[in-house]
Every structure is written in C-alpha cells, then in structure tokens.
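The values are calculated or read from the model by the stated rules, or taken from the named source; none is laboratory data. Fair warning: this is a prediction, and the values are worked out from it, not measured in the lab. Please note: Cβ atoms are built from the backbone with ideal geometry, for glycine as well, and neighbour counts cover all protein chains shown. Heavy atoms of the whole protein, side chains included, go into the accessibility calculation; ligands, DNA and RNA do not. Shrake-Rupley method; radii C 1.70, N 1.55, O 1.52, S 1.80 Å.
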Number of protein chains: 2
Amino acid sequence: MAKDTIKQILKKTESLGSKITIQAWVRTKRDTKDLVFIALNDGSCMSNLQVIADKSVISEDVLHSLTTGASCTVSGLLVESPAKEQALELQALSVELLGECPSDYPLQKKRHSFEFLREIGHLRTRTNTFSAVARIRNALTMAVHSFFQEQEFFNVHTPIITASDAEGAGEMFQVTTLPFETFNSSEGIDYSRDFFGKKASLTVSGQLSAETYATALGRVYTFGPTFRAENSNTSRHLAEFWMIEPEMSFCDINGNMDMAEDFLKYVLNYVLENCKEDMEFFNKFIQKGIINDLQEVINSSFIRISYTKAIEDLQSSSVKFEYPVSWGIDLASEHEKYLTEEVYHGPVIITDYPKDIKAFYMKMNDDGKTVRAMDVLVPRLGEIIGGSERENRYDVLLQRIKDLGLEPEDYWWYLDLRKYGSVPHAGFGLGFERLIQYVTGMTNIRDVIPYARSARNCDF
Amino acid sequence: MAKDTIKQILKKTESLGSKITIQAWVRTKRDTKDLVFIALNDGSCMSNLQVIADKSVISEDVLHSLTTGASCTVSGLLVESPAKEQALELQALSVELLGECPSDYPLQKKRHSFEFLREIGHLRTRTNTFSAVARIRNALTMAVHSFFQEQEFFNVHTPIITASDAEGAGEMFQVTTLPFETFNSSEGIDYSRDFFGKKASLTVSGQLSAETYATALGRVYTFGPTFRAENSNTSRHLAEFWMIEPEMSFCDINGNMDMAEDFLKYVLNYVLENCKEDMEFFNKFIQKGIINDLQEVINSSFIRISYTKAIEDLQSSSVKFEYPVSWGIDLASEHEKYLTEEVYHGPVIITDYPKDIKAFYMKMNDDGKTVRAMDVLVPRLGEIIGGSERENRYDVLLQRIKDLGLEPEDYWWYLDLRKYGSVPHAGFGLGFERLIQYVTGMTNIRDVIPYARSARNCDF
C-alpha cells in the first residue's frame, strides 16, 4: 500500500527534497518534446499532485497508456514547484502503469451534467463535485458523532426491521420471505409463515426505540438509515435516507432547543474548519456565498417564536402565498422560507404547534390545543430540524393514542416508560441528506447520497 | 436539563463542597431513624451516586415513593464520603419526585436471567449488565470511526435496499410495496408495479458498493446494518446485524492483513482505555480474565499461515474433530478454535483458501486453485474478520463470474472498476456484534444489540 495519500504529502512540507512513492489516478496529461506533466489524484483531497517526468524515465508504452482515468505508481523527488498553481511537485524517477483506461471511459475532461453522472453512479465519485460531496458527507458524519460524544450522549443502533408502525406514518416498505411465486392472497395471508411470524416493515424512525434507551442511559442518539415508501419522484425525497435522532432524559423543550442550536452550529463549524478546500469549491461553483451564509448561522442567535406568532407574522405580510394562512394549517415550505428569510433574516425556532398537525407522542400544553413541538428553520432550506418534548404523563399519552385511533396494545412498551420512573424528556430528528444539501448547496438530494433509492430507482 | 451526569460529577473532585443538582433513577434506598440513603443512577456510568438525606429535607410522601426505578431531582452538597465504597457522596438539601415506580416494576433488586430480560427489552438497559453492554457498544462504535479516520479512510453509507444479490449469498429479505391483500401469483408477479419497478432486497454486504468508492477516494469503510434471512435460531445468528467493511485501493493481501491486525488491536485498546469501569464488571461477572485475554491479543504479533499449512496442522493433530479434515473443506468453528487456542496460542491469520469455498471477487493466485483470502482467528471466538485482496483483472473476474453461473450483466458496474483504471485493492469485513461479544464475553448475540431480530423474533 502506498504509504502516504496526496493529502498527507501536500501537508508535509518537511518532506521537501525526499523521495516518495505515490499511487493514484491520472486526471490530465500533457507533454512537450522532453517533458511530461501528469496531474494525479487519489481521492484523498481535491488537489492533484503535479508530476513532471523527463521522457527518459518513462517508456513509450506507459506514456501512451497514461490517459485520463488510468492508474499508476510514481516514485520521485518532492520539490518546490515553480508554477503558481501549486506549492509542491513531484520530479519523477520512475513511472509505472497499474491499470489502463480505454477511450470509452465516460469521464473525459469535459464537464458532465449531474443527470448523466447519476447514470454512472459507480464512477461519479471520481469527479471533483462528487468526491467533494463524499468527503463532506464523511466529515459531517464525524461532526455528528463528535458533537454528541462530547456532550456525553451514547450512540444507539435502533432496529431497521420493525413490526410496529412507529409514528403511524403509513407508507412503509414491507419486509418478507413469503414465497411470492406460490402466493395466493385469496386464501388469506398467513403471516405466521413469514420470517418473523408477523408482518414486518422497514423503520421510518428510531425515536421510540431511542426513548427506551434515553430513559436508561440518559442521553442517546441514533444515526442510521430510515425508509419511506412515498411515491414522489422529486429532488427532495428519498425512499432510503439517514436520520440523526438525539433523545435526552431530564430535558424539556427549552433544553431541546438549546441542544438543537448548539448541534447545528457545531457541525457547520466543523465542516468549515475541516473541509476548507472542498467548501471553497462549493462556494465557487455550486452555491456562491455559501461559506458566508453558514458563518452567519454560526454567529447568529436563533430566534424563538411560537407557531401562533408565526401565523400572525404570515398573516400581516403583504405577500400572496400559494397556500392561504390560518391558525391550524401545517406550514408549507413557502411559509417557512418567508419567516426565516424575510421576517427574521436568520434561523428561527417555531414552538407550540397545534396538536392536530403533530404526532401523538408530543407533550400537550396546558391549553389543550398545542403541543411542545419545535421546528428549526434556516434560510435557503426551510425546516432542517423537527423535535419536541415528549408526553411523559401516562394517562395523557394513553388518551392521545386512543383519540388518534391507534391501538394502545401496540405501544405497551412505550407506555411502560411513563409507568416506571417517568422523566421529562425531549429529542429531535434531522435528515442527514438535507443537512448535506444545506452545507454544500447541492440542489438534488440524489446527489448527496452514494446510491439514491426512490420510486422506480434502485440501480447499483 | 440537569447540568452534569453522574459520570461527570464523580470525575470532578474540584466540585467538592459545591452545591449541585442531579436528576436520576433510584437503584436502592434504605433508611434509619433520621437518615435516608439513596443510590442514584443515570446511566452515564455504572457507578451510583450515593445520596444521604436527613429526613427533615424529604417529605413523607416522597420518601415513600422513592422505590427502585423511581426518578427524582436531588440538590445538595457534594462531600467526601466516609464510606469506603465511594469517594464522594451527596448531602441532600432537597429531594423531589419526578416519576414514581409501582411495585409491579419488573426490575426489582434481585438478579434476573438474560432470558427474562430479553422479554422486557425496553427496560433491560436499566440493569448493570445491559447498560454496560450499551456503553461498550457506543465506545466500540467510536473506536471504529476513530481508527479509520486517523488512517485517512472516508466513511461511506452504502445502500440498504438493493436490486443486486451482492455475494450470491441467497437468503435475502424481499422489500416490497406490492399489495399483498390483492395478490395472486398465479397471474404472475408483475414487479414493474412494485415500488422500485423491480425485485428489491435488503443488502447482505456493502462491499461491492464500497469498492466503487475505494476506487475513487482511495480508502473507505462502511459501518451499517446488513441482513440475512437465515432460518437458524441460535445464539450466534441475527437476521439484522451491523457490519464494518473497510476497502483500500493500492493495497494487496499483506497490507490488508496489517490493517486488520492494527484495527483489532486499536479497538481493543480503545475499550480497555475508555471503559475501565464497565470492563472490570465483565471481567468479574461475565467472563473471568477477559481484560487479560484482550491485553494479550494487543501485545501479540498475529501469526500468519496459509490454509494449506492450517490443514496440515489439523491433520497432524491427535484430536478427533467432529468434521473430518482434508484439503478443500471449509474450516469449522472447532478447527478454527483449535488452531488459535491449541496450536498457536494467540491470533492467527489464515490466507490463500481454496477458490471453491470463497467468493467470486477474491483474487486468484497463480496456482489457479487458491485465492487471496485472509481470515483472522482469535482464541475463544474463532473467526472474527474475513477479507481478501480483490480480483482486479477484468478477464479473470469475468471468467470467475461465468464459471459460478452468475450473470455478467448483473455486475456490469462492478466489472467497470476493472476496466477503467483498475488498481490492486483489498478489504475485509467484520460483524460488529461478534466484536462486542468478543470484548464483553456475552455469550448470546441477542444480548449485545439493542433489539435483536431473528427467526420469529421481531419484538419492540
């Protein structure tokens, strides 16, 4: 294995003058009468390592085969570069071909549309844009873990396959080993013959399971895949996406808002600190000014208003919204964007939503009409985080479950958490891909996950 | 939210004499004429915080309600404890009840069997054993990420739902939104009406996808859930489990073995360093001497032998194995344990297995009979890691796919990696739950994952 990646080599100015060996892929090659210039990339960072080879150290065959996409091993001396594009370059002592790259390689030097690149998902990470997305995704993954670990949360792997319909969310994928080929529903479906002995689905949220852990360990967070079988083919929806769901015992809605605000600032700052080169790329080519936007969010103090105040703000506006505004409606994306972009010019947390548009597990306020929900809105995106204080009163929760037509026996274990040592607790969730979109400015959600799954789309 | 967890409080000896507020659950309570002693636990660590309350600061009602499992808020002075069981204790100034815990609480002070605790999976994390398992699982999660990030790997989220049968492994769960209720297979199954427009399943491995990322970014690792619909109801199998799969470009089987050995030593050391209290619990109550066992692995140099040598070792042994030994067999658990425990007295890496018992993607040796597989065996467990150098020659890989009766068109994108800038690359996989079992000594795999899924078992 090559000892150092290009990222490491470019950082180590103390290696100047030393002999190194690098293995990477050719991005570009040009040659003069005596010299060959090869830009190598190994995916470790956006920067290429510039190789300069005297034609005497490279065979005719190898030179010919070093086309865009080919892989090679180069040994040479790391020296200061006279060119202003880079600080260092590699004076080759030997160049060997590892794998050639025929001329039908789909990633030639020209610019490709994101639509086209989706069709070659197995190769697109070799481009500047998608390798940068992949590195940002990795950095955000670590930012999430770092934040919660520093705050003494425990990561918990909640189950993917579930026999319970957690949020009553509908639209779930069924998981089965029943033999489709010899299946006739007119005889009735005998789930006792299915793998789990009952109907099973893919989870839509790890929250309810996370609550069982929070009421044992104090503070926990999930970070795993979740699923929605929504038949919408938009640039905003995936059938499979990753969610982050922290859950805290001994925490009310105010502690929850504090944590959400700290979390968001921390992960944004983490990426700006750790991914400077990639963020400059997005700032320049994908979403102009995005670094400044994120910096402003980090420096802001999130405004906190009630849903009722938000409705008043919208109603007193002169803007004509597509969806009319009245107390009780679910806020649409246009409303959320207006509030955060036009009214408050920064992040806003909206609290105390009408109970009828929120889930059964949210804590009821004394007014009997609103629940202790909190949604965090940011400019350019709208809602990025949704959460609530949880109903911790056994009787109230049981009544809510019944009122919504859910079956209490399906929630026996969830109700137990309110029976045995119930505590005030709260949590929130955010879609990881939405966060990556927000950080990079990538507009299609399919471009921020390695292999997107959506209606009629399950390639690779 | 309570400012500090018990873990933080017990670490901060500088808080001695200061007033703090703690929110936690009652583990035990006993009282004398004037004093009440309450052991509080909040899940942040195994240790309880001992509270001593004069009966004048606690109402009769609250005192009566502070039974095992109840939750409360205690404010008081943190002082040095005269008792030798703990360094610090809390002299209560006020004690308030948060949530009572009725006497039918299943977790009373007596010891419970793991079988019984599996039936109350939503509560078992409140016990010493299962909270320790949860904290170890969290620490191992971070150990995995820390190791690979320090080695400049990128984490990649490979897809969970797949239309390809990655390893030809069979036994997959089908994922569908076809309406079972109105389904009759005698009319044929029209997968064009299913959500993805084709048959889809839950992944058995992220490796092939990871290879597409490794050949773009250099070094990557997956860490996510994988699935096997094996109808075996044993203490060693789960239908849903978490896998770690690193994949490295510019790496051969030797680099792969080095990485696997470094990885294992790193994560074991991480847990011994970061989870001293929990590991002492496992060392004392679950698997005597386990700390020493793990330390020996960390200090050892892993022996590396070929499969052929392993077979010779087994054949020259006087032990009568249940499964007879001859060149070509798949090693059974009894063989693996014998090699690592009796022959080499430490970790062993076995390489170059017969091609017929290994997957199609493993690199063929020049002998045409063996492939560059490597399995890492450790005492007490047997195989803990399996991996290989991957076949990077297009023609050889294509032939292997055909020879095994697989369809080349199903692997068009995988083959492309060998067509365009192919590189030597290698990787390995390990089941996360097996690692947790190895570290804790827990014998049933269902006890090291929050909610186990297996045949006829999908509760909570």
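Quickly run through the stretch B:384-431 and pick out the residues that are among the aromatic types (Phe, Trp, Tyr) and closer than 20 Å to residue B:373 by Cα. B:394, B:414, B:428 - these are the residues of the stretch B:384-431 that are among the aromatic types (Phe, Trp, Tyr) and closer than 20 Å to residue B:373 by Cα. Screening residue A:25 against (1) in contact with a Gly (Cβ under 9 Å, 6 or more places away or on another chain); (2) in contact (Cβ under 8 Å) with a residue 40 or more places away in the chain; (3) away from chain B (no Cβ under 14 Å) leaves a single unmet condition, (3).
Could you check the stretch B:402-437 and list, in sequence order, the residues that are of a type in the set (D, E, K, R) and under 23 Å from residue B:213 (Cβ atoms)?
If the condition is that a residue be of a type in the set (D, E, K, R) and under 23 Å from residue B:213 (Cβ atoms), then B:409, B:410, B:416, B:418, B:419 are the ones that fit.
Residues in the stretch B:204-243 that are among the acidic types (Asp, Glu) and part of a helix (DSSP H, G or I): B:211 only. Apart from one condition, residue B:61 fits all of (1) more than 38 Å from the chain's Cα centre (by Cα); (2) over 28 Å from residue A:214 (Cβ atoms); the exception is (2). In the stretch A:117-165, the qualifying residues are those that are touching a Leu at 6+ places or on another chain (Cβ under 7 Å) and of a type in the set (Lys, Arg), and the one that is nearest to residue A:427 (Cα to Cα) is A:124. Selection of the stretch A:156-193 for residues being at pLDDT 70 or above, under 20 Å from residue B:200 (Cα atoms), touching a helix residue (DSSP H, G or I) at 6+ places or on another chain (Cβ under 7 Å) and assigned to a loop (DSSP other than H, G, I, E, B) yields A:159, A:178. Close Cβ contacts (under 8 Å, 6 or more residues apart or on different chains) running from residues in the stretch A:37-48 that are in contact (Cβ under 8 Å) with a residue 24 or more places away in the chain and within 11 Å of chain B (Cβ to nearest Cβ) to residues that are of a type in the set (D, E, K, R) and assigned to a loop (DSSP other than H, G, I, E, B) comprise A:44/B:152. Candidates in the stretch A:376-407 are the residues that are open to solvent by 10 Å² or more (accessible area, probe 1.4 Å) and charged (D, E, K, R); of these, the one that is nearest to residue A:350 (Cα to Cα) is A:383. Of all residues in the stretch A:222-248, those that are over 23 Å from residue B:242 (Cα atoms) and open to solvent by 20 Å² or more (accessible area, probe 1.4 Å) total 8. Checked across the stretch B:125-132, the condition of being open to solvent by 30 Å² or more (accessible area, probe 1.4 Å) and within 20 Å of the chain's Cα centre (by Cα) holds for at least one residue.
Among residues of the stretch B:298-309 that are surrounded by fewer than 16 Cβ atoms within 10 Å (Cβ to Cβ), none has a beta-carbon under 8 Å from a residue that is modelled with pLDDT under 95 and assigned to a strand (DSSP E or B) at least six positions away or on a different chain.
Inside the stretch B:99-120, residues that are open to solvent by less than 80 Å² (accessible area, probe 1.4 Å), in a loop (DSSP other than H, G, I, E, B) and not hydrophobic (A, V, I, L, M, F, W, C) make up a count of 6.
Residues that are within 18 Å of residue B:264 (Cα to Cα) and touching a residue at least 40 places away in the same chain (Cβ under 8 Å) occur in the stretch B:350-365; there is at least one. Condition test on residue B:246, is it more than 10 Å from chain A (Cβ to nearest Cβ) and part of a strand (DSSP E or B)? Considered against the rule, which asks whether it is more than 10 Å from chain A (Cβ to nearest Cβ) and part of a strand (DSSP E or B), residue B:246 comes out as yes. If you go through the stretch B:79-95 and keep only what is outside any loop (DSSP other than H, G, I, E, B) and surrounded by 13 or more Cβ atoms within 10 Å (Cβ to Cβ), you end up with B:79, B:88, B:89, B:90, B:91, B:92, B:93, B:94, B:95. The residues on offer are A:90, A:117, A:49, and the sole one that is within 20 Å of the chain's Cα centre (by Cα) and under 27 Å from residue A:285 (Cβ atoms) is A:117.
Considering (1) open to solvent by 40 Å² or more (accessible area, probe 1.4 Å); (2) within 14 Å of chain A (Cβ to nearest Cβ); (3) without any contact (Cβ under 8 Å) to a residue 60 or more places away in the chain, the lone condition that residue B:71 does not fulfil carries the number (1). Filtering the stretch A:53-68 to residues that are within 20 Å of residue A:18 (Cα to Cα) and open to solvent by 30 Å² or more (accessible area, probe 1.4 Å) leaves A:54, A:57. Among the residues of the stretch A:254-265, are any closer than 24 Å to residue A:118 by Cβ, more than 9 Å from every other protein chain (Cβ to nearest Cβ) and open to solvent by less than 10 Å² (accessible area, probe 1.4 Å)? Scanning the stretch A:254-265, I find no residue that is closer than 24 Å to residue A:118 by Cβ, more than 9 Å from every other protein chain (Cβ to nearest Cβ) and open to solvent by less than 10 Å² (accessible area, probe 1.4 Å), so the answer is no. Against the list (1) within 20 Å of residue B:48 (Cα to Cα); (2) touching a strand residue (DSSP E or B) at 6+ places or on another chain (Cβ under 6 Å), the condition residue B:129 fails is (2). Taking residue A:284, is it facing chain B (nearest Cβ under 9 Å) and of a type in the set (Lys, Arg)? Considered against the rule, which asks whether it is facing chain B (nearest Cβ under 9 Å) and of a type in the set (Lys, Arg), residue A:284 comes out as no. Counting residues in the stretch A:149-161 that are closer than 29 Å to residue B:410 by Cα, in the same structural domain as residue A:267 (by the TED database) and touching a residue at least 12 places away in the same chain (Cβ under 8 Å) gives one or more. Applying the criterion of being touching an Asp or Glu at 6+ places or on another chain (Cβ under 9 Å), facing chain A (nearest Cβ under 8 Å) and hydrophobic (A, V, I, L, M, F, W, C) to the residues of the stretch B:197-229, the residue that is nearest to residue A:128 (Cα to Cα) is B:217.
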